[in-house]
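The next block holds one structure in the form of C-alpha cells; read it before the comments.
Nothing in this text is a laboratory measurement; each read-out follows from the coordinates by a stated rule. Source: prediction; values computed, not measured. No Cβ is skipped: glycine too gets one built from the backbone with ideal geometry, and neighbour counts run over all protein chains shown.
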Amino acid sequence: NAGVTQTPKFQVLKTGQSMTLQCAQDMNHNSMYWYRQDPGMGLRLIYYSASEGTTDKGEVPNGYNVSRLNKREFSLRLESAAPSQTSVYFCASSEAGLAGLSGANVLTFGAGSRLTVL
Amino acid sequence: QKEVEQDPGPLSVPEGAIVSLNCTYSNSAFQYFMWYRQYSRKGPELLMYTYSSGNKEDGRFTAQVDKSSKYISLFIRDSQPSDSATYLCIIGGYQKVTFGTGTKLQVIP
C-alpha cells in the first residue's frame, strides 16, 4: 500500500520556468491537499480538493494552479516560478473533508517535493 | 496572534527521559487534535488523534487535551534515539486545520 506518492522528489528551476508537481493516492480518499512547508512557518495550505471535480484556494494560492485529474490524482502547477516559491511541498489526502469528529479527516501525507527556484 | 503556538525547540534529552511537547491554541471552536511526527526529509505521519478533553494513550505516547485552557500536550515515555524528529500539532474544526510550526526533538543515546 503506497499511500500518497509525489513526484518529483527534487527539482531546481530558474525564475520564470514552469513545472507541475504530481500527486497520487491509492486509499480511495475523497479529499486531497497541497501544502508548502517553510522554516518557522509551519505547513500552509495552498489549494485543496474536497472531492473529485472541485478545487478551492487555501491560505497561500497566489502563483499556483491545481487540477484534480480524477479521484486519485491532484497536481500542482507553478506557471512562472519565483524564488519565493522555494519550499518543500507536501501533498496530503483524507477520507473526508476537514469537518467532523469521525476520524475521516485524518491527513495522510506524501514524502514531499523539494523545490528550489534560482 | 497565531491560532496555534508551538515551541520550536530544539529540545535535547537523554535516552529514557520523559518528553513533554506542547501546543496552545486560541480558537475555542477547534474540535479535534492530532500529533504528527516528521523525520528529516520525510512527510509527517500520524501519531495520535483525539477530540475530547483528557488523556489518550498509545504505547509510549500519551496525548493530553485541556479544552478549558486551550492546551494540548504529547508525552513520550522512555524516549529512544529513534524518537528524534520534529513533532507537529495539528488542530482542526469547521473545515479548517491549523498547524503548529513543530518542535524538533533530539534524544541522545
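For the reader, a short list of remarks on this structure follows.
- The amide H of A:Thr86, built 1.01 Å from its N in the peptide plane, has A:Val117 as neighbours under 5 Å, considering only residues 5 or more places off or on other chains.
- Take each peptide in B:42-51, A:74-83, count the other Cβ atoms within 10 Å of every residue, and average; sorted highest first, the result is B:42-51, A:74-83.
- Relative frequency of Cα-Cα separations exceeding 28 Å in the protein assembly as shown, percent: 30
- Chain A gives an Rg/Rh value of 0.96, both radii derived from C-alpha positions and Rh following Kirkwood.
- The stretch A:75-86 - phi-based ³J(HN,Hα) in whole Hz, Karplus 6.51/-1.76/1.60, Gly and Pro as x: 10, 10, 10, 9, 6, 9, 5, 10, x, 5, 8, 4
- Using θ = phi - 60° and Karplus 6.51 cos²θ - 1.76 cosθ + 1.60, couplings along the stretch B:102-109 (whole Hz; Gly, Pro as x): x, 10, 8, 10, 10, 9, 9, x
- Where trypsin sites (Lys or Arg not before Pro) fall in DSSP loop in the stretch A:1-46, at most 16 other Cβ within 10 Å: A:Lys9, A:Lys14
- Rg/Rh, computed from the Cα trace of the stretch B:12-109 with Rh as the Kirkwood radius, has the value 0.97.
- Remark: the stretch A:39-50, residue by residue, has Karplus-estimated 3J(HN,Hα) of x, x, 10, x, 8, 10, 7, 8, 8, 9, 10, 5 Hz, where x stands for each Gly or Pro and the curve is 6.51 cos²θ - 1.76 cosθ + 1.60 at θ = phi - 60°.
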